[in-house]
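The values are calculated or read from the model by the stated rules, or taken from the named source; none is laboratory data. Owing to the predicted nature of the structure, the values given are computational and were not obtained by experimental measurement. For neighbour counting, all protein chains shown are included, and Cβ atoms are generated from backbone atoms with ideal geometry for every residue, glycine included.
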Ligand code: HXC
């Protein structure tokens, strides 16, 4: 055959495979507001940057009449490409082919691209849309999942791993995302659950919809499995692309720098925090008042809102922010906010991203519910994550820093490199009211005017301890600064910390309070 006809043959073969599960299945996919796997890859990557591999891979299952079935691409597309010029490895499951279910060859395609990603030290993006283990392939499917989970774990902390949930992801299909760094979901499209409604009905006799079981909102607001919520696939892909601009390709690099830029003038740092320490404010405005272009890219916006995490740039360089949010439960640390913060701190530390912590909290959350939910274990994750992190750690105490909250939120004692406090900071074992009631109880009780004595003792305590100067006199706070000096101090400290190097004791690994 002449070369031209061979090329024609290749084109025909390709074209057939590019249709995935066929026009009818594609129509069904579109009717649900979903793009096809191929369209998804194209919307994510730079134009003409996608190199596809293993297009011709086919399954070789025999049981349950599988030998009579052709599954084009075996239900998953793999390849490499770029996002704003950054190299990435990608796979996208094709629900139009056997529901994107994972058989042996399907899993081998995914593990091939995972191996590439790790070897080439580039981020991995997995677009998941799958009914889970391909039932007809039995233990081979389970083996496939095991191979994927192993690679997710080994790659963790070496290359960034991103999961996009764009369909009903069931069974094994959700554990790979759970092992990755960032999970993206889209309203009404994403579903994640271990066992689906039918199994629940059979085993437990309960009726539940897929949405209520594991829809995008459930995972963004309640479980914390998802990190980014979008209302359309388009918005979701924009979020992924933006994230890629903030993170490095691997753990031996830093994120690509941008042109430094000033924050927008409308975020006036002097006017954000109210004079009355009992009044709330949105700590994101403080972040926006210090980051370049006031561009703060928030992560897990809908989950454990009492803590805020995300990326911004300082002088053009990616910086992670962890901030108590006085707008929600006074910014306390509880089970969920501790998990959220600790995980993010570990991501930043793994990928050479300095961390700026903004502190304003009354402490850890008291109460039976929290104690029983394990606030000791979960709260300890924050202590562990900050203590272990060797990236530059900068802390600004805005207002309250009480008790365990003071220690946990990147204090000097957990090896913050620079600790700054605003003049209205209150650094103490507990709030003045609680403290006065305990240590002056006898005097208050025996006084002719208990209320007056209480007020007087509270004021006394405030004068003595509820300020930044006691901590500053011990060197726990490096400088008491005006709010308007914050960006200047942070930029300078980041520049000074650029080549920070410290060595932790050698060990196989520690035991974080998982
Ligand atoms: C083989 C599957 C499949 C699967 C779906 N399909 N899931 N084939 N194995 N796991 C096929 C269907 O037979 C159908 O084929 C096509 O994909 C589309 O599926 P529908 O059911 O028509 O789609 P829809 O109504 O949208 O429902 C999607 C779904 C449902 C909710 C995902 O298919 C479902 O419940 N699937 C099973 C989910 C599940 O329990 N998976 C767990 C597997 S066990 P045709 O030919 O008709 O188009 C597992 C264990 C691993 O994963 C544990 C590791 C830790």
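Determine whether residue 234 is away from the ligand (no atom under 15 Å from the Cβ) and closer than 19 Å to residue 162 by Cα. Spell out the reasoning first.
On the way: away from the ligand (no atom under 15 Å from the Cβ): yes; closer than 19 Å to residue 162 by Cα: yes.
Yes: the conditions hold for residue 234.
Could you please tell me which pairs satisfy a Cβ distance under 7 Å, a separation of 6+ or placement on different chains, a first residue in the stretch 183-211 that is in contact (Cβ under 8 Å) with a residue 40 or more places away in the chain and closer than 13 Å to residue 131 by Cβ, and a second residue that is within 11 Å of the ligand (Cβ to nearest atom) and part of a helix (DSSP H, G or I)?
From residues that are in contact (Cβ under 8 Å) with a residue 40 or more places away in the chain and closer than 13 Å to residue 131 by Cβ, the pairs are 210/197.
Is it true that residue 474 is farther than 22 Å from residue 346 by Cα and in contact with a helix residue (DSSP H, G or I) (Cβ under 6 Å, 6 or more places away or on another chain)? First the steps, then the outcome.
Numbers: farther than 22 Å from residue 346 by Cα: yes; in contact with a helix residue (DSSP H, G or I) (Cβ under 6 Å, 6 or more places away or on another chain): no.
Spelling it out, it is not the case that residue 474 is farther than 22 Å from residue 346 by Cα and in contact with a helix residue (DSSP H, G or I) (Cβ under 6 Å, 6 or more places away or on another chain).
Determine if the stretch 143-159 includes at least one residue that is within 11 Å of the ligand (Cβ to nearest atom), farther than 26 Å from residue 353 by Cα, touching a residue at least 24 places away in the same chain (Cβ under 8 Å) and surrounded by fewer than 17 Cβ atoms within 10 Å (Cβ to Cβ).
Looking only at the stretch 143-159, we keep the residues that are within 11 Å of the ligand (Cβ to nearest atom), and these are 143-146, 148-149.
Next, from what is left, pick out any that are farther than 26 Å from residue 353 by Cα: 143-146, 148.
Narrowing further to those that are touching a residue at least 24 places away in the same chain (Cβ under 8 Å): 143-145, 148.
Remaining after also requiring surrounded by fewer than 17 Cβ atoms within 10 Å (Cβ to Cβ): 143.
Scanning the stretch 143-159 turns up at least one residue that is within 11 Å of the ligand (Cβ to nearest atom), farther than 26 Å from residue 353 by Cα, touching a residue at least 24 places away in the same chain (Cβ under 8 Å) and surrounded by fewer than 17 Cβ atoms within 10 Å (Cβ to Cβ).
One residue is enough: does the stretch 256-265 have a residue meeting the conditions surrounded by fewer than 17 Cβ atoms within 10 Å (Cβ to Cβ), without any contact (Cβ under 8 Å) to a residue 12 or more places away in the chain and part of a loop (DSSP other than H, G, I, E, B)?
To start, the set of residues in the stretch 256-265 that are surrounded by fewer than 17 Cβ atoms within 10 Å (Cβ to Cβ) comprises 257-262, 264-265.
Filter once more, keeping what is without any contact (Cβ under 8 Å) to a residue 12 or more places away in the chain: 265.
So of that shortlist, the ones also part of a loop (DSSP other than H, G, I, E, B) come out as 265.
Yes, that holds for at least one residue.
Only residues that are in a loop (DSSP other than H, G, I, E, B) and either over 21 Å from residue 351 (Cα atoms) or within 16 Å of the ligand (Cβ to nearest atom) (or both): list them for the stretch 70-128, please. So that I can check it myself, show each step before the final result.
Residues of the stretch 70-128 that are in a loop (DSSP other than H, G, I, E, B), as a first pass: 70-71, 84-85, 94-97, 101, 103, 121-123.
Result: 70, 71, 94, 95, 96, 97, 101, 103.
Of the conditions (1) closer than 27 Å to residue 9 by Cβ; (2) touching a helix residue (DSSP H, G or I) at 6+ places or on another chain (Cβ under 8 Å); (3) surrounded by fewer than 23 Cβ atoms within 10 Å (Cβ to Cβ); (4) at pLDDT below 95, residue 70 fails just one. Which one is it?
That leaves (2) as the condition not met.
Restricting attention to the stretch 129-142, which residues are more than 10 Å from the ligand (Cβ to nearest atom) and either loosely packed, with under 15 Cβ neighbours inside 10 Å or on the phi < 0 side of the Ramachandran plot (or both)? Give the derivation first.
First, pick out the residues of the stretch 129-142 that are more than 10 Å from the ligand (Cβ to nearest atom): 138-140.
Those that are more than 10 Å from the ligand (Cβ to nearest atom) and either loosely packed, with under 15 Cβ neighbours inside 10 Å or on the phi < 0 side of the Ramachandran plot (or both): 139, 140.
If you check 193, 184, which single one turns out to be away from the ligand (no atom under 16 Å from the Cβ) and buried (at least 19 other Cβ atoms within 10 Å of the Cβ)? Reasoning before the result, please.
Details: 193 fails: away from the ligand (no atom under 16 Å from the Cβ).
Every option except 184 fails the conditions.
Name every residue in the stretch 160-179 that is under 20 Å from residue 227 (Cβ atoms), outside any strand (DSSP E or B) and within 15 Å of the ligand (Cβ to nearest atom), in order of residue number.
166, 167, 173, 174, 175, 176, 177, 178, 179
Quick check on the stretch 460-477: of everything there that is assigned to a helix (DSSP H, G or I) and at pLDDT 90 or above, which residue is surrounded by the fewest Cβ atoms within 10 Å (Cβ to Cβ)?
The initial filter retains those residues of the stretch 460-477 that are assigned to a helix (DSSP H, G or I), namely 460-465, 469-473.
Now narrow it down to the ones that are at pLDDT 90 or above: 469-473.
On the way: 469: 14, 470: 14, 471: 23, 472: 18, 473: 9.
Residue satisfying both the conditions and the ranking: 473.
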